[in-house]
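Okay, structure first, notes after.
The values are calculated or read from the model by the stated rules, or taken from the named source; none is laboratory data. The structure displayed is predicted, hence computed values, not measured ones. With ideal geometry, Cβ positions are generated from the backbone for all residues, glycine too; neighbour counts draw on all protein chains shown.
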Amino acid sequence: MPRVLAIDDDVNLLDNVKISLEMEKIDVDTASTAEDALWLIKQPVYDLLILDWQIPGTSGIELCQAHRRHGYSTPVMMLTAMDRISDKEVGFNAGADDYLTKPFDIRELILRVRALLKRSTAKVVANLVRLANLEVNLDTRIVSRNSEPIHLKPLEYKVLEYFIRHPSILIEPQVLLDNVWGAENEATVDSVYSTVARLRKKLELTGPDSPIQTSYGRGYRFLPQEEKS
């Protein structure tokens, strides 16, 4: 299920957006303060960001610029009352992919969100990913080498899929714990280390050429073959 982060200091508007998008089977997290926004926007778990321009303590423009500086390619929609052409120019120059002005029709928001989510998920072509002599089918959840299936435990597969869906981004062990194990799970980061180690061994993706790279003391990066130097 796609996951969206909506940031706006208007709590009533956020509630309306959240309810409307969740009716479309889209998970929505919200933030109405600069503190929450600055923390959530760093989490590499979202398929789309919806940002208001005017947020006390920061701004949607600053958040968008920071997001792009950190190398994130997540689609961004500005949702704001700033409706001049010059404002839109600032928004797009900051890295926004779409710009919707308030007041707006919730149906138009839904249509735009759907379009941006399609753009976000199009990175995984036909849900079939090739890694060296491996093939990962994200629809059937079958992982194979030279057409021979490789048995992965459910948790190992979830870690692999999380890597695939978040390429090039530094993924901290705690992020994997929260989004793969689940925030309520009592597992520790040691569980992350051991699971990733088993995954690499089963897939024979060890060594300097592995697409699953360790950033020592920080976490992991998944680098598809075409991105490796």
Completion exercise
From the option list ASP83, ASP97, single residue qualifying as modelled with pLDDT under 95, charged (D, E, K, R) and surrounded by fewer than 15 Cβ atoms within 10 Å (Cβ to Cβ) is ASP83
Practice task
Just need a number here: residues in region 1-24 that are surrounded by fewer than 17 Cβ atoms within 10 Å (Cβ to Cβ) and either in a loop (DSSP other than H, G, I, E, B) or within 15 Å of the chain's Cα centre (by Cα) (or both).
Solution key: 6
Exercise for the section: Could you please let me know if GLU135 is among the acidic types (Asp, Glu), assigned to a strand (DSSP E or B), more than 21 Å from ILE41 (Cβ to Cβ) and in contact with a Leu (Cβ under 9 Å, 6 or more places away or on another chain)? Expected result: yes
Practice task
Output the residue which, of all residues in region 25-77 that are of a type in the set (Lys, Arg) and in contact (Cβ under 8 Å) with a residue 24 or more places away in the chain, is surrounded by the fewest Cβ atoms within 10 Å (Cβ to Cβ).
Solution key: LYS25
Exercise for the section: Would you confirm whether any residue within region 198-206 is in contact with a helix residue (DSSP H, G or I) (Cβ under 8 Å, 6 or more places away or on another chain) and within 22 Å of VAL45 (Cβ to Cβ)? Expected result: yes
Practice task
Residues that are over 16 Å from the mean Cα position of the chain (by Cα): find the strands (runs of 3 or more DSSP E) completely inside region 25-114 holding 3 or more of those.
Solution key: 76-80, 98-101
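Table: residues versus (1) in a loop (DSSP other than H, G, I, E, B); (2) in contact with a His (Cβ under 8 Å, 6 or more places away or on another chain); (3) touching a residue at least 24 places away in the same chain (Cβ under 8 Å).
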site	(1), (2), (3)
TYR162	no, no, no
VAL175	no, no, yes
ASN185	yes, no, no
ASP190	no, no, no
TYR193	no, no, no
LEU199	no, no, yes
LEU205	yes, no, yes
PRO208	yes, no, no
